[in-house]
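Note sheet for the following structure.
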Amino acid sequence: MNLRSAESLLGTPECVNDAGLLTMHALEEIGKAYILRDRLQQAENSGVDFIQIEGRGDDFYSHPAKINAALNEMPAELRTLTMGTFDPSQQFFQTGRMNISQDLKEHITYTEYGSNGWISPHTFNPTQVRNLIHRLRELNP
């Protein structure tokens with residue numbers, strides 16, 4: 001999947017969350033590129049012609065670190081997404097503006113089975129997801 005695919009999902013209301021999730025995955029990959037860019041610059045400044053990726057504790061493998069690396073390159077207004085519920089009576093679900101994060105990525109994947117089949121109790125604001133997609137296309141790590 002790519003950002004074009006994510007954007008095409010925004011035209012189907014029940015797929016807005018999928019588009020948001022794919023966009024957050026793309027954000028992570030862009031963050032990984034920023035981490036590599038920064039390490040390469042550090043290596044060059046130190047006179048070293050290689051970079052080293054450590055084990056699992058390395059930011060290169062950390063979902064939150066990759067997301068944050070990309071978000072640090074973005075304007076503040078694109079660092080949050082608004083979520084609401086399909087059913088306003090579901091008061092126990094978090095709604096409103098939420099910071100883009102690994103927690104949000106996990107939160108949006110929550111689904112449950114209702115009388116009409118599988119449902120996701122939250123939905124992203126499609127305009128905000130589209131704006132995030134457009135900004136990610138402009139980034140050049």
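Just so you know, in region 49-74 the residues that are in a loop (DSSP other than H, G, I, E, B) and among the aliphatic types (A, V, I, L, M) include one that is farthest from R39 (Cα to Cα), and it is M74.
Being out of contact with any Pro (no Cβ under 7 Å at 6 or more places or on another chain), charged (D, E, K, R) and touching a residue at least 40 places away in the same chain (Cβ under 8 Å) is not true of E77. Select, from D18, D38, the only residue that is at pLDDT below 90, out of contact with any strand residue (DSSP E or B) (no Cβ under 8 Å at 6 or more places or on another chain), more than 13 Å from T127 (Cα to Cα) and not in a loop (DSSP other than H, G, I, E, B). The conditions single out D18.
Every residue, every condition in (1) in contact (Cβ under 8 Å) with a residue 24 or more places away in the chain; (2) surrounded by fewer than 12 Cβ atoms within 10 Å (Cβ to Cβ), yes or no:
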{"site": "N2", "(1), (2)": "yes, yes"}
{"site": "G11", "(1), (2)": "no, yes"}
{"site": "D18", "(1), (2)": "no, no"}
{"site": "M24", "(1), (2)": "yes, no"}
{"site": "E29", "(1), (2)": "yes, no"}
{"site": "R37", "(1), (2)": "yes, no"}
{"site": "Q41", "(1), (2)": "no, yes"}
{"site": "S46", "(1), (2)": "no, yes"}
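On the basis of being charged (D, E, K, R), part of a helix (DSSP H, G or I) and modelled with pLDDT under 90, does E77 make the cut?
So E77 fits the description; yes.
Which is buried (at least 16 other Cβ atoms within 10 Å of the Cβ), closer than 21 Å to L9 by Cβ, in contact with an Asp or Glu (Cβ under 8 Å, 6 or more places away or on another chain) and at pLDDT below 90, of P126, P121?
Working: P126 fails: in contact with an Asp or Glu (Cβ under 8 Å, 6 or more places away or on another chain).
Residue meeting the stated conditions: P121.
Within region 101-118, residues that are within 21 Å of A70 (Cα to Cα) and of a type outside the set (A, V, I, L, M) reach no partner that is at pLDDT below 75 and assigned to a helix (DSSP H, G or I) with beta carbons closer than 8 Å at six or more positions or on different chains.
The values are calculated or read from the model by the stated rules, or taken from the named source; none is laboratory data. This is a predicted model, so every value here is computed, not measured. Methodologically, a virtual Cβ is constructed for each residue, glycine included, from the backbone with ideal geometry; neighbour enumeration extends over all protein chains shown.
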